[in-house]
Amino acid sequence: MPPDETARLCMGCMNDRGGAAICPICGFDENGPPSVPFQLPPRSMLNDQYIVGRALGAGGFAITYLGWDIRLARRIAIKEYMPSGMASRSVDTSEVVPHSGPSKDDFNYGLERFLDEARMVAQFEGHPGIISVTNFFPAHGTAYLVMEYLEGTTLKDHL
């Protein structure tokens, strides 16, 4: 899909939703409430290449989003370093702001470990049991890993 047609993409499934307000394929409503605290708004642009969709999930230190790679015209997963107890997000700018004091030091330490994880996982590209990391970069006061997107059941849902 050409970049000028990305307005037709559903941020819930990254399929063409036409002009519908609610996606006829997955039922996602872009104007609905966020599913994860501090998540980026749908349609946020990262690195001039990636469109952020719905949050797929969140843990103690990261939020994972469905995304769209404009250049490659494909779905991706985007993992954002966002430790819930150590930082918050500026509503106006989407900047991640670490809390002051020891939390700021812990945030910065965790950010470096997050980037180390990206470098390490990227070395295993092509391994059948590990998701491929295709890019990672700092932005908005935090960092992002771009990974291939695989549909399926999560281990949590399976259990």
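Quick rundown of the values:
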{"read-out": "Thr93 vs. criteria hydroxyl-bearing (Ser, Thr, Tyr), loosely packed, with under 15 Cβ neighbours inside 10 Å, outside any strand (DSSP E or B) and touching a residue at least 40 places away in the same chain (Cβ under 8 Å)", "value": "yes"}
{"read-out": "Selection status of Glu112, closer than 22 Å to Ala87 by Cβ and modelled with pLDDT of 90 or more", "value": "yes"}
{"read-out": "Residue in the range 15-23 that is modelled with pLDDT of 95 or more, closer than 22 Å to Ile131 by Cβ and not small (Gly, Ala, Ser) present", "value": "yes"}
{"read-out": "Filter pass, Leu145 being out of contact with any Asp or Glu (no Cβ under 7 Å at 6 or more places or on another chain) and part of a strand (DSSP E or B)", "value": "yes"}
{"read-out": "Residues located in the range 8-20, provided they are aliphatic (A, V, I, L, M) and surrounded by 17 or more Cβ atoms within 10 Å (Cβ to Cβ)", "value": "Leu9, Met11, Met14"}
{"read-out": "Residue satisfying condition, being assigned to a loop (DSSP other than H, G, I, E, B), of a type in the set (Lys, Arg) and open to solvent by 50 Å² or more (accessible area, probe 1.4 Å), within set Arg54, Arg43", "value": "Arg43"}
{"read-out": "Complete set of residues in the range 61-85 that are part of a strand (DSSP E or B), over 17 Å from Ser132 (Cα atoms) and touching a residue at least 40 places away in the same chain (Cβ under 8 Å)", "value": "Ala62, Tyr81"}
{"read-out": "Hits in the range 21-40 - residues which are of a type in the set (A, V, I, L, M), surrounded by 12 or more Cβ atoms within 10 Å (Cβ to Cβ) and assigned to a loop (DSSP other than H, G, I, E, B)", "value": "Ile25, Val36, Leu40"}
{"read-out": "Scope the range 110-159; condition of a type in the set (A, V, I, L, M) and either without any contact (Cβ under 8 Å) to a residue 12 or more places away in the chain or open to solvent by 50 Å² or more (accessible area, probe 1.4 Å) (or both); matching residues", "value": "Met120, Ile130, Ile131, Leu150, Leu155, Leu159"}
{"read-out": "Residue pairs meeting the criteria (Cβ under 6 Å; at least 6 apart or on separate chains; first more than 17 Å from Thr64 (Cα to Cα), in the range 9-38; second charged (D, E, K, R) and open to solvent by 50 Å² or more (accessible area, probe 1.4 Å))", "value": "Asp16/Arg8; Ile22/Asp29"}
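The values are calculated or read from the model by the stated rules, or taken from the named source; none is laboratory data. Model, not experiment: these values are computed from the prediction. So basically every Cβ, Gly included, is an ideal-geometry build from the backbone, and we count neighbours across all protein chains shown. Only protein heavy atoms, including side chains, enter the accessible area calculation; ligands, DNA and RNA are left aside. Shrake-Rupley method; radii C 1.70, N 1.55, O 1.52, S 1.80 Å.
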